[in-house]
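Worksheet for the structure shown next.
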Amino acid sequence: MPEAPRLDARLLAAARLVKPGLPAADVGCDHGKLAAWLACTGTCPKVIACDLRPGPLAAAKATCEGCGCADRVELRLGSGLEVVRPGEVDTVVLAGISAQTTIEILQAAPWVRSAAVRLVCVPATKAPVLRGWLWRQGFALRQETLARAAGRWYTAMCAEYCGAPREPGGMECLLGLTYGQPGAAGYLRQTAEKLQKYRRGLSEDPAGAAAVDALLRALQQQEQGEK
Ligand SMILES: C[S@@+](CC[C@H](N)C(=O)[O-])C[C@H]1O[C@@H](n2cnc3c(N)ncnc32)[C@H](O)[C@@H]1O
């Protein structure tokens, strides 16, 4: 019997956003735990687990063999979605990758701009940048789940293409759909700390500094409202 690996809260949040009963791709699969979990639990009949480097792919192979689900996980070596053909999967997971790399991977695969494809993104850094990009490119952010792992807050985002690009506000980018969720106060505090750090580098940019100060004030008001 396949035995699903244990996932941390971050990967579990991502796994729960995957479309059940349909094939998925895990891009940047590394250790392969998410791919193995999706296959072992029967969430996906097939998982394409991809990574840029052979070392992580070998680790993913060992994970899937150890869990007894190797027959349902296809391992592919290559960059981003270059190794996945349009129509092969219904969900694309990009977890533990920076917002910038996530954007580059999505930009290089125009086929993800389809209402039939669900994106599940758990950026390792700069979630606000990814939210803003998704909205400007015509994706709708359907759901977010906050998760705490290794002492940090992460957000698992579920997005689908709706073809209606829009310019989001600064607070929307910073906090997305995380308002009112368990962990929202901690996530807000972490976001404010990162923004304060960014603000310290803006001494030569008065206009940028003023815009960030306004966002910091809005975050502070939001934090007081959450208490
Ligand atoms: C920090 S690990 C994240 C592993 C796993 N997804 C998780 O969230 O725990 C990032 C992985 O992404 C892979 N990676 C980085 N850039 C990539 C790209 N352009 N295409 C495919 N994989 C990539 C790295 O080789 C590494 O194995």
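Of the set (1) away from the ligand (no atom under 16 Å from the Cβ); (2) touching a strand residue (DSSP E or B) at 6+ places or on another chain (Cβ under 6 Å); (3) not acidic (D, E), all apply to R136 but (2). The set of residues in region 43-96 being farther than 22 Å from L134 by Cα, within 14 Å of the ligand (Cβ to nearest atom) and acidic (D, E) consists of D51 alone. Quick one: is C67 more than 17 Å from the chain's Cα centre (by Cα), in contact (Cβ under 8 Å) with a residue 24 or more places away in the chain and within 22 Å of C158 (Cα to Cα)? So C67 does not fit the description; no. Can you confirm whether T102 is open to solvent by less than 40 Å² (accessible area, probe 1.4 Å) and within 16 Å of the ligand (Cβ to nearest atom)? Yes, satisfied.
Contact annotation: residue pairs with Cβ atoms under 7 Å, 6 or more positions apart or on different chains, pairing a residue in region 50-63 that is closer than 18 Å to I105 by Cβ with a partner that is within 8 Å of the ligand (Cβ to nearest atom) and of a type in the set (V, I, T), are C50/V27. Return the residues of region 163-195 that are open to solvent by 40 Å² or more (accessible area, probe 1.4 Å) and within 16 Å of T125 (Cβ to Cβ); say none if nothing qualifies. Matches in region 163-195: E193, K194.
You will find that of R142, R152, R148, the residue that is within 30 Å of D8 (Cβ to Cβ), at pLDDT 95 or above and exposed (fewer than 14 other Cβ atoms within 10 Å of the Cβ) is R152 and no other. Could you please let me know if G176 is out of contact with any Gly (no Cβ under 6 Å at 6 or more places or on another chain) and over 29 Å from D90 (Cα atoms)? So G176 fails the test. Within region 3-37, the set of residues being surrounded by 22 or more Cβ atoms within 10 Å (Cβ to Cβ), of a type in the set (A, V, I, L, M, F, W, C) and within 12 Å of the ligand (Cβ to nearest atom) comprises L11, A13, A14, A15, A25, V27, C29, L34, A35, A36, W37.
Yes/no matrix, rows are residues, columns are (1) under 14 Å from the mean Cα position of the chain (by Cα); (2) closer than 19 Å to R16 by Cβ; (3) open to solvent by 10 Å² or more (accessible area, probe 1.4 Å):
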| residue | (1), (2), (3) |
| --- | --- |
| V84 | no, no, no |
| E88 | no, no, yes |
| V93 | yes, yes, no |
| G96 | yes, yes, yes |
| V112 | no, no, no |
| L119 | yes, yes, no |
| V122 | yes, yes, no |
| T125 | yes, no, yes |
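The values are calculated or read from the model by the stated rules, or taken from the named source; none is laboratory data. This is a predicted model, so every value here is computed, not measured. Here the Cβ is made from the backbone with ideal geometry for all residues, glycine too, and neighbour counts use every protein chain on show. Accessible surface is based on the protein model in full, side chains and every heavy atom, while ligands, DNA and RNA are left aside. Shrake-Rupley method; radii C 1.70, N 1.55, O 1.52, S 1.80 Å.
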